[in-house]
Amino acid sequence: MTKVLLTREINQTYREKIKDLGYQVQLMEEGGSLEDIDLALGGLALRKLDFSQLKKLQAVFLTSMGVDYLPLDYFSKKGIILANNQGVYAETIGEFIVFNLLQLQKANRFFIQKQEAHLWEKPKTGLGTLKGKTVLFFGTGSLAQAGARRLEAFGVQLLGYRKSPKPQAPFQEIVTDQNLDQALKRADFLVLTLPKTKETYHLINRDLLAKTKPGVKIINVARGDIIQEEALVDYLESGHVAGACLDVFEKEPLDPASPLWDMDQVYITPHHSYSSEGDREIEYKTIMENLKRFKKNQPLIHVVDTDKGY
Ligand SMILES: NC(=O)C1=CN([C@@H]2O[C@H](COP(=O)(O)OP(=O)(O)OC[C@H]3O[C@@H](n4cnc5c(N)ncnc54)[C@H](O)[C@@H]3O)[C@@H](O)[C@H]2O)C=CC1
Ligand SMILES: O=C(O)C(=O)COP(=O)(O)O
């Protein structure tokens, strides 16, 4: 019988459903031999595994969309198939992007602080409008598209940075390395939706920030390491970057001593933009489908290119 290693991230209902498909399951947190495991299923908890002990491992199915926390080079070398939860959190994160753009534009934190202090005060500058603003998405995948589609209603200019210049809806302009500098001069908002890879690590660094428009605001719902956090702090302190909504950080949980917590123009969420109201069926759809396919030896869906990292 095919043996599946599960982490506690797979909830009890689905552990039973996986057994019903005819798999033998073993809970990672309960220990046991790893020698005869064929499949591994879970999310972030899988990074605790020493994959070299799983001698028979054929495939890994993830609850997450990001794959950066796994030994991708090892998977490539061993021919271990990796499938992620592509697109599953796009709706919740698409809304979160819109919510964050509005928070930044409408200075929400100012009002929350004044309300908590029972103060009837207005900010020095008006709230303005998103209409006519330029929003540059880094990445044009499922999260970027979900955010951008929702933003069409606000009359913003939608720019998408990607490697190939091929047009892609709903972005009005595609930006590549060739014209990134010009786009940075125009963008009022940068929205990061890139996977963390060797290429995107610290992409938003001092050099890039120096090319941005004064007053730019940044949203990161992707991975913390895409931003050089120290540089961002300096640029926020100088006021060149006028605001940031950060859901992800170089080190999670964010250090309680980080200056980011207390900055007026910074909004922090604890890697929670993806969370749903418990819509488990959707969250497990890909994994269940892949388990059925694996049994029948059919091609799997949402297979990640472990060489590229997404
Ligand atoms: N905050 C959270 O809770 C969540 C964060 N994420 C993160 O967001 C990332 C993106 O998710 P999706 O949009 O679903 O991924 P996706 O795979 O649909 O899209 C990623 C896009 O980035 C582009 N890309 C990759 N490397 C690039 C580079 N060097 N230069 C330019 N473009 C590049 C790809 O071509 C693709 O269009 C995930 O990899 C994950 O790390 C995903 C879900 C939840
Ligand atoms: O799907 C993703 O990549 C996410 O960031 C969601 O959070 P997780 O990694 O599952 O804790």
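Which residue pairs have Cβ atoms under 7 Å apart, sit 6 or more places apart or on different chains, and have a first residue in the stretch 255-271 that is within 25 Å of Ile93 (Cβ to Cβ) and away from ligand 2 (no atom under 16 Å from the Cβ) and a second that is of a type outside the set (Ser, Thr, Tyr) and part of a loop (DSSP other than H, G, I, E, B)?
Note: pairs meeting the criteria are Leu260/Leu254.
For Ile268, indicate whether it is at pLDDT 95 or above and under 29 Å from Leu70 (Cα atoms).
When the stated conditions are applied, Ile268 passes them.
State which residue is nearest to Tyr274 (Cα to Cα) when the search covers only the stretch 204-224 and only residues that are touching a Lys or Arg at 6+ places or on another chain (Cβ under 8 Å) and without any contact (Cβ under 8 Å) to a residue 60 or more places away in the chain.
Gly224
Checking the structure you have, find out if any residue of the stretch 22-32 is free of Cβ contacts under 8 Å to residues at least 24 places away in the same chain and buried (at least 20 other Cβ atoms within 10 Å of the Cβ).
yes
Okay, residues lined up against (1) assigned to a helix (DSSP H, G or I); (2) crowded, with 19+ Cβ neighbours inside 10 Å:
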site: Asn100; (1), (2): yes, yes
site: Gln103; (1), (2): yes, no
site: Gln115; (1), (2): yes, no
site: Pro123; (1), (2): no, no
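Within the stretch 39-64, track down each residue that is away from ligand 1 (no atom under 16 Å from the Cβ) and among the charged types (D, E, K, R).
Residues satisfying the conditions are Lys48, Asp50, Lys55, Lys56.
Output the residues belonging to the stretch 278-310 that are among the hydrophobic types (A, V, I, L, M, F, W, C) and either surrounded by fewer than 17 Cβ atoms within 10 Å (Cβ to Cβ) or not in a helix (DSSP H, G or I) (or both).
Those that are among the hydrophobic types (A, V, I, L, M, F, W, C) and either surrounded by fewer than 17 Cβ atoms within 10 Å (Cβ to Cβ) or not in a helix (DSSP H, G or I) (or both): Ile282, Met288, Leu300, Ile301, Val303, Val304.
Here's the yes/no breakdown for (1) outside any loop (DSSP other than H, G, I, E, B); (2) small (Gly, Ala, Ser):
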| residue | (1), (2) |
| --- | --- |
| Ile10 | no, no |
| Lys19 | yes, no |
| Glu35 | no, no |
| Ala40 | yes, yes |
| Ser64 | no, yes |
| Val67 | no, no |
| Leu70 | no, no |
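Quick check on my filter: what residues within the stretch 68-106 are aliphatic (A, V, I, L, M), in contact (Cβ under 8 Å) with a residue 60 or more places away in the chain and within 15 Å of ligand 1 (Cβ to nearest atom)?
Of everything in the stretch 68-106, those that are aliphatic (A, V, I, L, M), in contact (Cβ under 8 Å) with a residue 60 or more places away in the chain and within 15 Å of ligand 1 (Cβ to nearest atom) turn out to be Leu72, Leu82, Ala83, Val88, Ile93, Ile97.
Of the residues that sit in the stretch 42-62 and are more than 14 Å from ligand 2 (Cβ to nearest atom) and assigned to a helix (DSSP H, G or I), which one is nearest to Asp225 (Cα to Cα)?
Phe51
The values are calculated or read from the model by the stated rules, or taken from the named source; none is laboratory data. None of the values given here were measured: they were computed from a predicted structure. All Cβ positions, glycine included, derive from the backbone under ideal geometry; neighbour counts span all protein chains shown.
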